[in-house]
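Below is a structure I'd like to ask you about.
The values are calculated or read from the model by the stated rules, or taken from the named source; none is laboratory data. Because the structure is a prediction, the values reported are computed rather than measured. Note: ideal-geometry Cβ built from the backbone for every residue, glycine included; neighbour counts use all protein chains shown.
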Amino acid sequence: MFSYDDDPDLPGWKRWTLRDETRFNAFLAPISVKVVDDRHALVRMTPERRHSNMQDSTHGGALLGFMDVALFAAARSFGVVEAGGAVTLDLSAQFIGTSAIGQPIIAEVELLRETGRMLFMRGLVTQDDHVLASFSGTVRKNTKK
């Protein structure tokens with residue numbers, strides 16, 4: 001479903017790639033992940049023109065999609081979910097600023113709490129030192145073995 005290998009362009013990062021390019025997540029690719037510690041990860045993408053709005057900034061829908069994917073990329077990097085083995089229960093976002101197309105954006109994701117079935121997470125999306133959005137989300141882990 002996904003490959004999770006060293007990113008050849010970013011030493012110390014992993015590239016999180018959906019093998020089926022016809023799925024939505026491929027629209028945001030490439031996605032790279034760097035684990036900071038067991039509760040913090042950085043998730044990176046570079047918005048392109050296809051992700052832009054009429055003001056040549058990243059479209060809010062693309063940012064929301066990135067935030068959602070960042071929850072899963074971070075959770076996978078922490079080793080608390082398997083690829084494709086969880087669902088988003090809620091995602092709340094506050095848009096704060098605009099971004100430049102062609103420049104990387106980073107979601108700084110924090111795992112606040114893990115229970116048997118749930119992950120409670122939050123994050124900030126930034127570009128350079130500029131905050132684009134804040135978000136929080138709840139992910140339900142797959143209970144099937």
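Based on this model, can you work out whether D68 counts as in contact (Cβ under 8 Å) with a residue 24 or more places away in the chain, closer than 29 Å to Q55 by Cβ, surrounded by 13 or more Cβ atoms within 10 Å (Cβ to Cβ) and acidic (D, E)?
So D68 passes the test.
Please work out which residue is nearest to V69 (Cα to Cα), limiting yourself to segment 8-24 and to residues that are at pLDDT below 80 and of a type in the set (K, R).
R23
Something else: Restricting to segment 119-145, give me the number of residues that are under 16 Å from V69 (Cα atoms) and without any contact (Cβ under 8 Å) to a residue 40 or more places away in the chain.
4
Moving on. Among (1) on the phi > 0 side of the Ramachandran plot; (2) under 16 Å from the mean Cα position of the chain (by Cα), which single condition is D128 missing?
Of (1) on the phi > 0 side of the Ramachandran plot; (2) under 16 Å from the mean Cα position of the chain (by Cα), only one is false for D128: (2).
In addition: Counting only residues that are in a strand (DSSP E or B) and either modelled with pLDDT under 90 or surrounded by fewer than 21 Cβ atoms within 10 Å (Cβ to Cβ) (or both), which one in segment 25-41 is nearest to the chain's Cα centre (by Cα)?
Restricting to residues being in a strand (DSSP E or B) and either modelled with pLDDT under 90 or surrounded by fewer than 21 Cβ atoms within 10 Å (Cβ to Cβ) (or both), the top hit is I31.
As an exercise: evaluate H51 against (1) surrounded by 11 or more Cβ atoms within 10 Å (Cβ to Cβ); (2) at pLDDT 90 or above; (3) of a type outside the set (V, I, T) and give the number of the one condition it does not meet.
(2)
Can you give me the number of residues within segment 101-125 that are more than 14 Å from the chain's Cα centre (by Cα), surrounded by 14 or more Cβ atoms within 10 Å (Cβ to Cβ) and not hydrophobic (A, V, I, L, M, F, W, C)?
1
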